[in-house]
1. Looking at the range 28-72 only, could you name the residues that are open to solvent by 20 Å² or more (accessible area, probe 1.4 Å) and of a type in the set (Lys, Arg)?
2. Do you know which residues across the range 210-256 are loosely packed, with under 14 Cβ neighbours inside 10 Å and aromatic (Phe, Trp, Tyr)?
3. Keeping to the range 52-100, report how many residues are of a type in the set (D, E, K, R), free of Cβ contacts under 8 Å to residues at least 60 places away in the same chain and under 28 Å from Asp382 (Cβ atoms).
4. Can you pull out every residue in the range 125-135 that is of a type outside the set (Phe, Trp, Tyr) and either farther than 24 Å from Val48 by Cβ or within 16 Å of ligand 2 (Cβ to nearest atom) (or both)?
5. Let me confirm something: among Tyr369, Tyr448, which residue is free of Cβ contacts under 8 Å to residues at least 24 places away in the same chain, assigned to a loop (DSSP other than H, G, I, E, B) and under 23 Å from the mean Cα position of the chain (by Cα)?
6. Please enumerate the residues belonging to the range 190-209 that are closer than 19 Å to Lys123 by Cα and open to solvent by 50 Å² or more (accessible area, probe 1.4 Å).
7. Being buried (at least 22 other Cβ atoms within 10 Å of the Cβ) and not in a loop (DSSP other than H, G, I, E, B) is the filter here; which residues of the range 257-285 pass it?
8. Out of the residues in the range 211-225 that are over 25 Å from Val256 (Cβ atoms) and within 7 Å of ligand 2 (Cβ to nearest atom), which is nearest to the chain's Cα centre (by Cα)?
Amino acid sequence: MKLLFTLSITLLVYITNTAGYNYKEVVQKSLLFYEAQRSGKLPADQRVTWRKDSALNDKGVHGEDLTGGYYDAGDFVKFGFQMSFTATVLAWGLLDHEAGYEAAGSTEDCRKAIKWATDYFLKAHVSENVFYAQVGSGYVDHQYWGRPEDMKMDRPAFMINTTNPGSDLAAETAAALAAASMVFKTVDPAYSTELLTHAKQLYTFAYKYRGKYSDAFADVRCCYNSSGYEDELVWGAAWLYRATQDKTYLQYAEAVYPPIQYYIGFNWDQKIGGADVLLAKLTGDSKYLTKMQKYCDDTLANQQRTPKGLIFIAEWGSLMTTQYLMEICLETAALGVNAEKYRAEAKKQVDYILGDTGFSYVVGFGSKYPTHVSHRAASCPDLPATCDWTQFSTTQPNPQVLTGALVGGPGVNDDYADVRSDYVHNEVDTVYNAGFQSVVATLIELGYSD
Ligand SMILES: *[C@@H]1O[C@H](CO)[C@@H](O)[C@H](O)[C@H]1NC(C)=O
Ligand SMILES: *[C@@H]1O[C@H](CO)[C@@H](O)[C@H](O)[C@H]1NC(C)=O
């Protein structure tokens, strides 16, 4: 009897250890991170209660209401290019992996996270060919350390229009709105229709008036230059084709594609990897799938890895960079290519993040995680205590737990220090979590959760 008892305890411990990480908890917490990034008037059901209303005077040059939307990272600029990509990726994940979200009980929260961005885009799209690209100046904002609730600096608004166009930004926002229109198709048909109308207008604007949004106005050059707009024109067209079934959009995608056919990869600036796998799914054309397979195979085989197994692509935001790779490889797997191999790798890369190195890179997940993330709001004590650069410099942990946030991540030798000043490795970003969350939701859908 005693032996049996000991045996079953041993077995229980064994099972607990190999059951892995609670992916559902990761998705749930990731959605809390989006609540912490909310700008504007917070709703009654806000769960991250250390955050309050902020930036209630954000407006356009003619006084248009531009409140709402997301703060991009640890700072308080509303960067449209980042926000729209975040929304597209979240909507993509929810559309194609709703079963994962359902299992986590997070479908409704994910819809809210998407809507927080799309509501703002509708405000920012003030007329057919005018779209507000950014609120807040990166140069000014980065001189400030404190809470968004206490901000006093000017928050200028910057637009794209027919004389200063931004095809990349307009097409990415069109992608976000088109994907979101599918998310809301049955749950809120009127909203879905409104999103699609704006998506079509923004796409036409993007296609007709060509230019890079970072050439249109100077302020964004602090932070997020675009390397080109052709990839967004293809990606945006693919999303509009998916949402409308209108072949005109497929023709647009195919018209822009040839000169950039050698582009690869998927990140906030480079969308062609996402477009490839989406076009593969929508058209069944093998050229897209072949390209994706080659890209995933080459990268998995040849890309540098850290000693502990992280596929290492970029120093800044190393973890999210790999998660975006895994996202498009998982979508490739879903089309029947090397499914086992890509899925096993995705699980490995996610588990690296969640604790396989003895440390979790997601705030508030596991027992050891970052407590000094580079995030102004989280570094501040509860109101009404003052918060300024003193909080930046202190070695004390952040008073607020920024639950669910994925940090930039380690360097090439798995080296990482949990210090607030290190924005390269220890900042957080709405873009980081979007790809990561989508990958984790996919793993849940595949039954990889506990
Ligand atoms: C168009 O955008 C540019 C750059 O953002 C801005 O300076 C200009 O005033 C805008 N034009 C109009 C008519 O609003
Ligand atoms: C963006 O491009 C401008 C030149 O147009 C350059 O001066 C600036 O340093 C670039 N910004 C970043 C963050 O790379």
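The values are calculated or read from the model by the stated rules, or taken from the named source; none is laboratory data. Values in this document were obtained by computation on a predicted structure and should not be read as measured data. Virtual Cβ from ideal backbone geometry, glycine too; neighbours counted across all protein chains shown. Just so you know, the surface numbers come from the protein's heavy atoms only, side chains and all, with ligands and any DNA or RNA stripped out. Shrake-Rupley method; radii C 1.70, N 1.55, O 1.52, S 1.80 Å.
1. Lys29, Lys41, Arg47, Lys52, Lys59
2. none
3. Going through the range 52-100 one residue at a time, the tally reaches 1.
4. Kept after step one, since they are of a type outside the set (Phe, Trp, Tyr), are these residues of the range 125-135: 125-130, 133-135.
Across the range 125-135, the qualifying residues are His125, Val126, Ser127, Glu128, Asn129, Val130, Ala133, Gln134.
5. Details: Tyr448 fails: free of Cβ contacts under 8 Å to residues at least 24 places away in the same chain.
Only one candidate passes the filter, namely Tyr369.
6. Ala190, Thr193, Glu194, Thr197, Lys200, Gln201, Thr204
7. Of everything in the range 257-285, those that are buried (at least 22 other Cβ atoms within 10 Å of the Cβ) and not in a loop (DSSP other than H, G, I, E, B) turn out to be Ile272, Gly273, Gly274, Ala275, Asp276, Val277, Leu278, Leu279, Ala280.
8. Cys223
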